[in-house]
Structures are given as structure tokens and as C-alpha cells.
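See structure below.
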Amino acid sequence: MSYDLLGKRVYVAGHRGMVGSAIVRRLADEGCIILTATRAELDLKDQAAVNAWFEEYKPDAVFLAAAKVGGILANDTMPADFLYDNLMIETNIIKAAFDVNVEKLLFLGSSCIYPKFAEQPIKESELLEGALEPTNEWYAIAKIAGIKLCQAYRKQHGVDYISAMPTNLYGTGDNYDLESSHVMPALIRKVEEAKNTDADNVIMWGTGSPLREFMHADDCADALVFLMQNYSGYEHVNIGSGQEVSIFELMQMIAKASEFSGEIVKDTTKPDGTPRKLMDSTKLKELGWSPSIAMEEGIVRTIQEFRNLVKTARI
Ligand code: GFB
């Protein structure tokens, strides 16, 4: 049942994002023809433009990694953008893919699709079993709609559209804007800036007690290519690392790796979000995939990349 990518025309939607760019790097080993389009070349929210692009380039396979993404504050303050943009992007791509007979499509979601108080570790079957976390329900609803659209096409037309739900990701090409980023890049930037300015403290949002599971984007891309090649099923698949820490522990790990010894100050005016979202990745493991980048190693690598960005004035 494996899907061979050799010689295939593979469209990576969102190739400039952290996950999309990791998929492009990972696909270099597969002997396929990688298709990409920048935002200036193709507005994924424009249905006519997406249809015309698919008609012209006729991909065989699609990684749907394009999305409006952001951390807890961006999700909470731009609900309309997170819901509308993501619905438009995914519905346009999935329908256009169907219209030009794409053989295989992989849709990417997120662990926030699960209920706020889902049983831990979270199995795929927890989807729609309870109320969502309010700070990111808009993004979650859009991503749930994407899973359901893939399942609907699969059910009605027998096409091979699958979905994968990665845990919290970090790595090369992450967003370091403090207002819109996720926690890992935010804390790396804050700690590095505190260190460079000899500040005696660094601010962490919330109580520091929420638990999060982290995975490097390169591991995630490897899992996505693996699923594209080896999975064909109706149900979505969790992509987790099993590496879970509290936000306070994460801050300590980053401070240690960056050699910053100042105080960690809590800003409890900022939200905590979901208390815990550890994925149950048994299904992926049983399919034959496991991660290879430990958090400690990933953090050191990411700090180094951040320093290079600063050095070359790209931040
Ligand atoms: O990564 P993050 O923004 O997203 O925040 P979520 C994780 C936790 O880190 C929250 C805390 O408890 C934050 O309060 N935190 C501490 C910080 N300091 C900071 C900081 O400086 N910046 C940020 N951003 N957080 C997102 C969802 O949830 O996860 C998305 O909103 C998506 O929809 C993504 O699912 C994977 O893990 O809470």
C-alpha cells in the first residue's frame, strides 16, 4: 500500500513556513519534482487562482502545510483571520486537488483540535468529544473542518486524502515576533536578548504550569513524508514526540542552553491556554515511525540558528 514519491509532481503548499520548508528539505531525498508557489504568485484564499494554478501545474501529490498560524495571543486576538483564512486555504486546495485528480493529499492540523480537557495522552478518538480551548477554538474549528473535508472526499469519492495532527513544533524558520509567535521561539528570543543586555530577569507569560509536548519541525517533516508514503486511512494520525515539559521547565532548559542565569518572572495577565496536550502517538509508532531529535539537542540547535539570524541582521 506504499505510495512511491519517485518522479511524482509534489506540491508543498506553505513552503515558506516552518513545516513546509522542512518538508521541502526532507523531500530532496525522494527523487520527486517539488512544486511551490509564493504568496505573491498564488493567493491561496482566492479560489479561482487556486483552481487555475492546479490546472496549470497538475500535481500528483499535495502536502497541505499552508495555514495562518500563531501562538496563544495571536489566536486569541485575531479569531476572524484564524477561522476565515484557514477555511479558505484548505477548502480551496482540497477541492482544486480533487478537480485535477491529485492521487494523494496530506492535510496538516494541530493538537489544538482536541477538547481542552481531553483524556491524556490524547488519542485520535478524542476528536469532538468535548469543548475546545477558547483561546484557539477558531483555529481548531478550521482545522477540524479540514480533517472532515478530507474524510468527506474520501467517503464520497474514494480518494486518498489523509490528515496528520502534529504536536507543538519548533525549529528552523520559526516566527520570532514576540506578539504572534509560539512559546519556544518567544522564550529563546527573550532569554537571548536578556543575556545580551545583561538584564537580571526575563518574562514568561502565564503561570508556567501548562504542560506542552515539543517536536522539532525536521522530525515532523520526516513523519509527514512517512505518512504520505505509508498511510492510507480515514482517521487522522497524531504526530507527537512524547517529550513533555511544563512551560517553566522549558524556560529553564532554554536559560541553561543559552547560559542565562537571571530570574524568571511570571506575567499572569497573559493566558495559560490548555493545561495539557500530550499526544498519544501509538498509531504512528505502530506504523513504524519514531522521532530522532531530542528536545535538549533541538533547543541548542535552534538557539544557534537564532544567533545566526541576529548576526546576519535577519531579525
Ligand atoms: O506556544 P503557545 O503560544 O501556544 O503557548 P499553545 C504555550 C504556553 O506557553 C502558554 C506560555 O501557556 C503560554 O502562556 N508562554 C509563556 C508563552 N511565555 C510565552 C511567550 O512569551 N509567548 C508565547 N506564545 N507563549 C497554540 C495555539 O497554543 O498552539 C495554536 O494557540 C496552535 O492554535 C499551537 O495549536 C500549536 O500551545 O497554548
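The values are calculated or read from the model by the stated rules, or taken from the named source; none is laboratory data. Computed from a predicted model, the values in this text were never measured in an experiment. Cβ atoms come from the backbone with ideal geometry, glycine included; neighbour counts cover every protein chain shown.
Structural remarks
- Of all residues in the stretch 224-238 being of a type in the set (A, V, I, L, M, F, W, C) and part of a helix (DSSP H, G or I), the one that is surrounded by the fewest Cβ atoms within 10 Å (Cβ to Cβ): Phe226
- So Ser241, is it crowded, with 19+ Cβ neighbours inside 10 Å, modelled with pLDDT of 95 or more and not in a helix (DSSP H, G or I): yes
- Residue, nearest to Asn196 (Cα to Cα), within the stretch 235-286, restricted to residues that are basic (Lys, Arg) and without any contact (Cβ under 8 Å) to a residue 12 or more places away in the chain: Lys256
- Close contacts from the stretch 198-211, counting a first residue that is in contact (Cβ under 8 Å) with a residue 40 or more places away in the chain and a second that is aliphatic (A, V, I, L, M) and in a loop (DSSP other than H, G, I, E, B), with Cβ to Cβ under 9 Å and a gap of 6+ residues or different chains, come to Leu211/Leu278.
- Pairs with Cβ under 6 Å, 6+ apart, first in the stretch 173-187 and near the ligand (Cβ under 7 Å from one of its atoms), second assigned to a loop (DSSP other than H, G, I, E, B) and at pLDDT 95 or above: Ser181/Gly71; Ser181/Asn175; His182/Gly71; Ala186/Leu178
- Residue in the stretch 191-208 that is within 16 Å of the ligand (Cβ to nearest atom), part of a helix (DSSP H, G or I) and crowded, with 22+ Cβ neighbours inside 10 Å present: yes
A quick yes/no check of all residues on (1) under 19 Å from Asp174 (Cβ atoms); (2) not in a helix (DSSP H, G or I):
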{"site": "Gly7", "(1), (2)": "no, yes"}
{"site": "Ile34", "(1), (2)": "no, yes"}
{"site": "Ala52", "(1), (2)": "no, no"}
{"site": "Phe63", "(1), (2)": "yes, yes"}
{"site": "Ala66", "(1), (2)": "yes, yes"}
{"site": "Gly70", "(1), (2)": "yes, yes"}
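- Filter pass, Val159 being surrounded by fewer than 17 Cβ atoms within 10 Å (Cβ to Cβ), β-branched (Val, Ile, Thr) and more than 10 Å from the ligand (Cβ to nearest atom): no
- In the stretch 118-134, residue farthest from Lys283 (Cα to Cα) [restricted to those that are in contact (Cβ under 8 Å) with a residue 40 or more places away in the chain and part of a loop (DSSP other than H, G, I, E, B)]: Glu133
- Among the criteria (1) crowded, with 20+ Cβ neighbours inside 10 Å; (2) in contact with a Phe, Trp or Tyr (Cβ under 9 Å, 6 or more places away or on another chain); (3) of a type outside the set (D, E, K, R), the one Tyr176 does not fulfil is (1).
- When Leu27 is tested against (1) within 30 Å of Pro134 (Cα to Cα); (2) touching a helix residue (DSSP H, G or I) at 6+ places or on another chain (Cβ under 7 Å), exactly one condition is not met: (1).
- Residue among Arg9, Arg39, Arg16 that is at pLDDT 95 or above, surrounded by fewer than 18 Cβ atoms within 10 Å (Cβ to Cβ) and within 15 Å of the chain's Cα centre (by Cα): Arg16
- Scanning the stretch 159-180 for residues that are assigned to a loop (DSSP other than H, G, I, E, B) and touching a helix residue (DSSP H, G or I) at 6+ places or on another chain (Cβ under 8 Å) turns up Val159, Thr167, Gly171, Thr172, Gly173, Asp174, Asn175, Tyr176, Leu178, Glu179, Ser180.
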